[in-house]
Amino acid sequence: EEFTIGLSNGWVGSEWRTQMIAEAEEAAKAWADKGVTVTTKVQSANVDVPGQIAHVRNFISQGVDAIIINPNSPTAFDPVFAEAADAGILVIATDAEVSSPDAIYVGIDQKGWAEMSARWLAETLDGKGTVVAINGVAGHPANEMRVAGYQEVFGEFPGIEIVNEVNGNWDQAQGQQAMQNILATYPDIDGVWVQDGMAAGAWRAMQDAGRDDIYATGEIRKDFIDIWSENSLKSGASVNPPGVMASALNVAVNMLMGKELKEPATAGVYGNAMYLPIPFISDENLGEASAALEGQPGYTSYTSSLSIDDATALFD
Amino acid sequence: MSMATFRPILIAGGLVVALMIAGELVSPGFASPEQILRLSIVAALLGIVAAGQNLVILGGREGIDLSVGGVISLSALVAGNVMNGLDAGLLPAILACVAVGAIFGLLNGLGVTLLRIPPLVMTLGMLGVLQGLLVVARNGIPSGRAAPMLSDFVSQPQWLGLPGILWLWALIGLAMAGLLGRTVFGQRIFAIGANEPAARLAGVPTRLTRTMLYVLSGVFSAIAGLCILGYSGSSFANVGGQYMLSSIIAVVLGGTPLSGGRGGYTGTMIGALLLVVLQGLLTTLSIEESGRQIIFGSALIVLLLFYGRSSGMRV
Amino acid sequence: MTLPSLLRKMPPFMPVLIILICMFALNGLAEPNSLSPYALKGLISTYLALMFLSVGQTIVIFAADIDLSVGAILGLVNVTLVSMMQVLGGEPAGIFAAMAIALAVGAGCGLLNGILVVVLRLQAIVATFGTSVLFLGLALWIMPVAGTPAPRLFWRTFGGRIAGIPFAYFVLAGLLVLIVLLSRSRFVPRLLTVGDDQLAAYQTGLPVQSIRVRGYVACGIFAALAGFCITGDTASGDPNVGGLITLNSVAAAVLGGAALSGGVGTLFGSVLGSLVIGLVGSLVFFLGTPSEWQNLVQGLTVLAALMVGILFGGKARA
Amino acid sequence: MPQLTMTDMYKAYGATVALKSGQIALHPGELHVIMGANGSGKSTLCKILAGSVKPDGGRIELNGKEITISGPKAARDLGVSIFYQELSLSKNRSVAENILARDLPCRAGFVDRKAVLARAEKVFAPFRDVAGDDFDLKTRVGDLRPDQRQLVEIAKTFAGGARIFIFDEPTSALDRAQTEAFFRELDRRKAEGASIVFISHRMEEVFEIGDRVTVIRDGETVSSAPLAETTRDRIVAEMVGGETGASVFADPPAAPVPGPEKLRVQGLTSRRLRDVSFTLHAGEVLGLGGLHGQGQSDLLRALFGLEPLDGTLTLDGAPITLPSPRRAIRQGFGYISGDRQSDGAISGRSIFENVVPIHLFKTRAFFVNHATLSAEVDRVLAILATRHGGRMAPISSLSGGNQQKVIISRWLMDETGVLLLDDPTKGIDLATKLELFALIRSLADKGMAILLYSSEDAELLANSDRILVFNNGAVVQELQGNDRTRTQLTRAAFEAA
Ligand SMILES: Nc1ncnc2c1ncn2[C@@H]1O[C@H](COP(=O)(O)OP(=O)(O)OP(=O)(O)O)[C@@H](O)[C@H]1O
Ligand SMILES: Nc1ncnc2c1ncn2[C@@H]1O[C@H](COP(=O)(O)OP(=O)(O)OP(=O)(O)O)[C@@H](O)[C@H]1O
Ligand SMILES: [Mg+2]
Ligand SMILES: [Mg+2]
């Protein structure tokens, strides 16, 4: 059998995205062993929403069998996904959920992702203390889901007070600057809930200020994990593996082969999501994570994905 | 220095102090010595980028450099790889950075002077190219880490309790003042900014001078990229993104109008400080992001009302 | 006729027209389907927003001004429109009322820019960057998270067909008619006169301030129209939707032959420029560029197109 | 009763008082000349009337009623139309659109292109014949020659019918025929009862056309009298305030003792020049004559490395090439243009910065040593008696004439071998002109070789040792010795034309 799958990525501002594409392309090649030829067509560039809509339309023009997209907006693609569905194309979103009934989502639950690390932080603080949060881009749906996640968890702990929430736009330097300003004006904080690459920045600000008494969430790039183990930081990180697109691809190929999901994708706010497990790195399993990243470039993220067999097992 | 050039500096300086006081009132600790030091470091990073931006703007003919962010990111990547966490690699890294900045500055300069592409367009196009180049480069090479010496230079107190980068910034401030006030090159910058054809007839190598401004802007961005690498420890994609518009704003807040031929760097340094303090203050306020944006946008507009408003047509 | 005089006689959008034709040809060679009716309709509806936006941008550029807040206005209009449609209901009456309100918001944003830049005489680049932050903040305040859906009627109409012809083509035709009307009116020549030499225009007795302010208001209105198109094509509200589009609108205007120093250009050229910007991405993909090289090739192509446009267009006006 | 009176007009720019006590009374059907030295406030007075400058004091009465003029548009609505000394044209718009810019003809809200052309044609008709063969109403104004631009500004001033016309140095770039066409039109408007204000530094023109003359000195009106009742000498005396210098319109200088050959030009050909050959000796002032725009400026620009050229050039006996202004400067050429705004003043910068660049370039300096340079700058400024408020004041704070002196000063700091003067006294008052030509002569006497182009024949005749007459890019005649007469010059220029 032969399938052509289009991969669309609308932002190239981080290594995570590059790794995501690379792993998906790897996964496609792996199907050759099963006697299936999966060809990928990749569109990956910094584009705005219209630009990514153009990605989808280009795929439709090319007549691909499936489109896997890391979308720049949750809702903006409803009409164009409908066009794709009309053309008989399977659409799978990954990394950020989409509202379209014509697509399914294969990826992690961003809210659950935030809940895990928030719970880790709250429990590490014994359920009491003041915390601050450093968030991504305001108004971005993944960010807002994560915010909802940590707010819910911290709400369960009456002793935990969120004293400030700021936006670092998923930029390491902005995260560092935000942390630095927070440290100056909230010297008494006990914990920091911070996302992704900004965590490295926040940690740096804390180290520069000599504040090793604060607990903060971490991130999953090798650079940070090295610092984490070298300095025995007190941290924990939920993993949003760049392998999500590879997982989505493995699911897509199964669907293209006409198989049915054992459990239909009905999770999430839009009722079209299939959630992947979220690994968690804490001091206990830090060694394993380090080992897994041994020899990789510093920007490599700790990853995991559904193997072909894992994915196939999800189908009848 | 005449009053006309001095006034914006006074205003900006006054505003910095006012903001610090307001910050201390709203969130105690904002004006603590350590915090002032840390804000100054962030301002120095911006200020170094703004030095190049300032030169390009002074040179007139709608001079502007939108590619600074791309150069910063690329030079941070290159530097990180060359030094790769080792002090021994620092010197080669500095050289590599300067080369990167100079090359892209030169390309900008040639596009603007030889091909006569408007600077905004040329540097915007170059930014697109640089962003593409970064993706390619990152795919091929590891990201690298800052040497400990570089990190200490940027964030640890060194001489008289101040980190090296503040000394570097002060040095750049002095060098810029000397360049603009005491050298023939400086005078030529103002001349081409004020009236290029007349400057040409007065023996100014207009193309060479203007090209040099873009080269210098590239070099300053590259040095800033190196320092930002030291600041954040490791390089990451798009480190320089936030500097494009903020470097321009720092220049304008410092009293150099975008029309060129007039202004200086001392004001720009204060402008950078002003911008960083304002942003820092907003971060510490515990309000919704939409509120922060609304306040920041309005504050910028109000600040601009103090400066370089172009004169009316009826005199 | 000599080449220089030929270049001088040609309309300023000639270089971009040639570039556009080349783009289409290359796209067609690389992927024949990219010239199919579906693809063309897709191209038009995807880039209608950019076309409207760059026409608005061109209007202020004519007068030697610039508006870096158009993307933010577009986002603000998008969330206003979607929120108002939700409040007023998805029936035609509600939709039209919401559109009227959103249009007024666009015009209001333009007016604010005009007052700041023209009346208070702030420098356009920095002042409109300041307002863009402000408008983004307002959009976030109205809609803290992307996602409210637009009524079905609204986006079905935009994405649908009338008498078998895609609705997007009617919008495009409307835009072209608007351009012709504007270019024939006194407004555009006056903007160009102001942009050419503001002092001279003032001394001539033209109401320079009011012309420039009206330019900004017109730009705000075009940004609002662009917001309608975006809403039609995305069927939802997203405060961050205007991210990269501002700089693209400037690039499209320059590609189309407008001089940032004012006084030169055509509105039609900017429409063509928008299409070129849109086609570059597709072309890079259809040519089979490896993913990690796509950004670089795209950046180089845009830079080259800008250079070609300016070098040849520049000869015509030098 | 006067149609319009301005009394006690006062205007200051910061510390500079541009106009202290300006008075003028305009009568219908009268051509009112304003004369005054550079910087005396003529343009300021006119701009106040035209609404583009806001007065700080004074009283304006129109038909006996006091009025305030809130801007150019208001002035226009009051029936005042002005020709600006610096022109008010849009380079990228067509001639027709510029002429009718105030009020483009419209039909149903849209510009009526046919009507635009037809109306512009009508307004421009009086100047059609003198505008040149290449002139077209659809041409971009930016593509026109300076004289053609002035004609367009003149037509623009006449367009749309006003009752008061102001012309601020409208003839400074016009040749004789163009000036005459303009004067005929002025006469016609006068006959229709318009009041006309006319400013010129050319005394002959003033007496040819004026009815009444008002003299302004240092921002104050010193006299106003019918021209029939005054004389050139009196006007000059009033302008300079007592002491009268020698006249610029003197007889040609005695033939000089030619120095060694300085510059030899053979078969020079460029975009606008055809096979130009001549020699220039040290100590000589060689004039370039002929109708306007026949290649005189092009020759000077080419010799300063501003235009690519073919042909051989020999300087002090050695062949040279001039690929750029910088090379030309190094070879010892100096260039001064009458177009200060675009070619001269480094606007917005200080007088100091406007004087030193040539010196800094020639000495290949790296640092600017203010201490040592200041004395030098003061010295060269003093040579020309430049009036300024301190060498660090911006050049834009000076009047046109004083700006020109600053620009000339830059060539006096170091030795300049060949000085190229491209209509250097354009828009400069009589007294300053006198000083300037005296200086030019003294420079020649010290051994400098000078090429002089002037749009005023009298000036050329009075100051050139020899005159090359140009026509259509070629030298058609050389006037020497007693041939240097007005008649000969005019004949040579027109015969070939
Ligand atoms: N503003 C300009 N407009 C048009 N052409 C220009 C301009 N500036 C420079 N040139 C062209 O570029 C060439 C080099 O000009 P530039 O002013 O850089 O002199 P330069 O190379 O420093 O001079 P030199 O080589 O004599 O030292 C000139 O010969 C001129 O033709
Ligand atoms: N915009 C201005 N800013 C400052 N000073 C000015 C300005 N315009 C004119 N002046 C000064 O006002 C005085 C009068 O200038 P004005 O232009 O009226 O002189 P003028 O008589 O027209 O001279 P000219 O014969 O050189 O044209 C001069 O000293 C000039 O320097
Ligand atoms: Mg050179
Ligand atoms: Mg004057």
### Task
Any of D:Lys91/D:Lys433; D:Lys122/D:Lys156; D:Lys405/D:Lys433; D:Lys20/D:Lys47; A:Lys41/A:Lys111 with alpha carbons more than 19 Å apart? Name them for me.
D:Lys91/D:Lys433; A:Lys41/A:Lys111
## Note on the structure
Among the DSSP H helices of chain B, those whose Cα atoms extend at least 27 Å along the helix axis and whose mean Kyte-Doolittle hydropathy is 1.6 or higher are B:3-26, B:90-113
### Residue mean of other protein chain beta carbons inside 10 Å, C:118-125
5
### Message
Let me confirm one metric for peptide D:98-109, namely the mean number of other chain beta-carbon atoms within 10 Å of its residues' beta-carbons.
### Response
3
### Task
Please give the FRET efficiency for C:Phe170 paired with C:Leu40, using the beta carbon to beta carbon distance and R0 = 22 Å, rounded to the nearest 0.05.
0.90
### Task
Name the shape class, rounded, prolate or oblate, that the alpha-carbon gyration tensor gives for region B:32-241, where a ≥ b ≥ c are the square roots of its eigenvalues, rounded holds for a/c under 1.5, and otherwise prolate holds if a/b is larger than b/c and oblate otherwise.
oblate
### Query
Helix hunt in chain C: which complete DSSP H runs extend at least 20 Å axially by C-alpha with mean Kyte-Doolittle at least 0.5?
C:14-30, C:37-62, C:70-88, C:92-114, C:124-142, C:167-184, C:208-234, C:267-286, C:291-317
### Query
To the nearest 100 Å², how much accessible surface do chains B and D cover up together, summed over both, with a 1.4 Å probe?
2400
### Query
Taking the highest mean first, how do the peptides C:277-286, D:319-328 order by number of other beta carbon atoms within 10 angstrom per residue?
C:277-286, D:319-328
### Extension reserve of the D:Ala191-D:Thr139 stretch, reckoned as 0.36 nm per residue once the Cα distance is removed
15.5 nm
### Summary
Note, B:Val135: beta-carbon cut-off 12 Å, +1 each Lys/Arg, -1 each Asp/Glu, net 0
### Task
Starting from the Cα gyration tensor of region A:139-239, take the square roots of the eigenvalues, sort them a ≥ b ≥ c, and report rounded, prolate or oblate (rounded when a/c is under 1.5, otherwise prolate if a/b is larger than b/c, else oblate).
rounded
### Message
On a straight-distance basis, which lysines could pair with A:Lys222 in a cross-link, Cα separation under 20 angstrom, same-chain partners fewer than 8 positions away excluded?
### Response
A:Lys234
### Message
Could you tell me how far the Cα centroid of region A:192-242 sits from the Cα centroid of region D:28-50, in Å?
### Response
76
### Query
In whole angstrom, how far apart do the alpha carbon centroids of region B:256-315 and region A:95-109 sit?
41
### Task
Can you spot the lysines whose alpha carbon is less than 26 Å from A:Lys34's alpha carbon? Ignore those fewer than 8 places along the same chain.
A:Lys259, A:Lys262
### Query
At D:Asp218 and B:Glu34, where each label point lies 7 Å from the Cα along Cα→Cβ, what is the point-to-point distance in nanometres?
6.9
### Query
Per the 1.4 Å probe, what fraction of the accessible area of chain B, in percent, lies on carbon and sulfur atoms?
72
### Task
Filter the DSSP H helices in chain D by two things, a Kyte-Doolittle mean of at least 1.0 and an axial alpha-carbon span of 30 angstrom or more, and list the hits by number.
none
### Message
Rounded, prolate or oblate for region C:44-308? Axes are the square roots of the Cα gyration tensor eigenvalues, ordered a ≥ b ≥ c, and the cut-off for rounded is a/c under 1.5.
### Response
oblate
### Task
Please list B:199-206, A:170-177 highest first by mean number of surrounding beta-carbon atoms within 10 Å per residue.
A:170-177, B:199-206
### Query
Over what distance in Å are the Cα centres of region C:240-318 and region B:91-165 separated?
25
### Query
Measuring from label point to label point, each 7 Å out along Cα→Cβ, what is the D:Leu439 to B:Ala99 span in nm?
5.2
### Query
Calculated FRET efficiency, A:Asp188 and A:Glu288, Cβ-Cβ r, R0 45 Å, to nearest 0.05?
0.85
### Query
C plus D alone minus the pair: what accessible area, both sides summed, probe 1.4 Å, in Å² to 100?
2000
### Message
I'd like to compare A:56-68, D:431-443: which one has the highest average count of other Cβ atoms within 10 Å, and what's the full order after that?
### Response
A:56-68, D:431-443
### Query
If you take the beta carbon distance between A:Lys34 and A:Ala87 as r and set R0 to 35 Å, what does 1/(1 + (r/R0)^6) give as a FRET efficiency, to the nearest 0.05?
0.85
### Query
For A:62-70, what's the mean count of beta carbons from other chains sitting within 10 Å of each residue's beta carbon?
1
### Message
Can you give me the distance in nm between label points at C:Arg152 and D:Arg271, each placed 7 Å from the Cα along the Cα-to-Cβ direction?
### Response
6.7
### Query
In region C:44-308, what percent of the accessible surface is made up of carbon and sulfur (1.4 Å probe, ligands and nucleic acids excluded)?
72
### Query
Which value, in Å² and to the nearest 10, is the accessible area of D:Lys190 when all protein chains are kept and the probe is 1.4 Å?
40
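The values are calculated or read from the model by the stated rules, or taken from the named source; none is laboratory data. A quick note: this is a predicted structure, and the numbers were derived from the prediction, not measured. Don't worry about glycine lacking a Cβ; one is built from the backbone with ideal geometry, like all the others, and counts go over all protein chains shown. Side chains included, ligands, DNA and RNA excluded: accessible areas come from the protein's heavy atoms. Shrake-Rupley method; radii C 1.70, N 1.55, O 1.52, S 1.80 Å.
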